[in-house]
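The values are calculated or read from the model by the stated rules, or taken from the named source; none is laboratory data. From a predicted model like this one, the values you see are computed outputs, not experimental measurements. For neighbour counting, all protein chains shown are included, and Cβ atoms are generated from backbone atoms with ideal geometry for every residue, glycine included. Heavy atoms of the whole protein, side chains included, go into the accessibility calculation; ligands, DNA and RNA do not. Shrake-Rupley method; radii C 1.70, N 1.55, O 1.52, S 1.80 Å.
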Amino acid sequence: MIESMSDASSSKIKTTFDIPPWVIVSWPTVLWRIDATKRLQLMHLGTRIVSSKGPGHHVTGQTLWGNEMDHENTAGLAWDWIEVRHNVIALADPMGLVTNLTLLNPQGALVPTLQAAIHLNELVHTLPWQAAVQKALQN
């Protein structure tokens, strides 16, 4: 991973990855059955921190998780987060997850968007993402 810092007059940006998190929508689509017996194993690929200066501003950022399913199909999932108070990290927008996953129901049909968002949020909540963000904030 590459770490870089950039200072602007109103914010500080720190990234710990060299893949922009929103580029995963351009990755090849990965089909995933929601009833798959093999659980999707995602690993932390990086966290981007945007720290606004001034009182009352919250630290925000993005985190990126992915899995190399095979050499051609890498699944990715990214989302915005916010530190709502010291050491309390939350999803900034649970409906704003970005992924290249297309979810399929047990019959192999596409899962509707709202239902897919619920499944993806359930997946996010199984990940140790808040600990990864905390580690990035401490560095």
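If I ask for residues that are open to solvent by less than 40 Å² (accessible area, probe 1.4 Å) and either among the hydrophobic types (A, V, I, L, M, F, W, C) or assigned to a strand (DSSP E or B) (or both), which ones from region 117-139 would you list?
Ala117, Leu120, Leu123, Val124, Leu127, Trp129, Ala132, Val133, Ala136
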> When region 91-116 is examined, which residues are found to be assigned to a helix (DSSP H, G or I) and crowded, with 17+ Cβ neighbours inside 10 Å?
Replying inline: Ala116
> Quick one: what pairs do we get from region 94-117, first residue of a type in the set (Ser, Thr, Tyr), second open to solvent by less than 30 Å² (accessible area, probe 1.4 Å) and not in a helix (DSSP H, G or I), C-beta under 8 Å, 6+ apart or different chains?
Replying inline: Thr99/Ala75; Thr99/Gly76; Thr99/Leu77; Thr99/Ala78; Thr102/Val30
>> Of the residues Lys38, Lys53, only one is modelled with pLDDT of 65 or more, more than 21 Å from Trp79 (Cβ to Cβ) and of a type in the set (Lys, Arg); which?
In response: Lys38
> Checking Gly46 against (1) at pLDDT 80 or above; (2) at negative phi, which test does it fail?
Replying inline: (2)
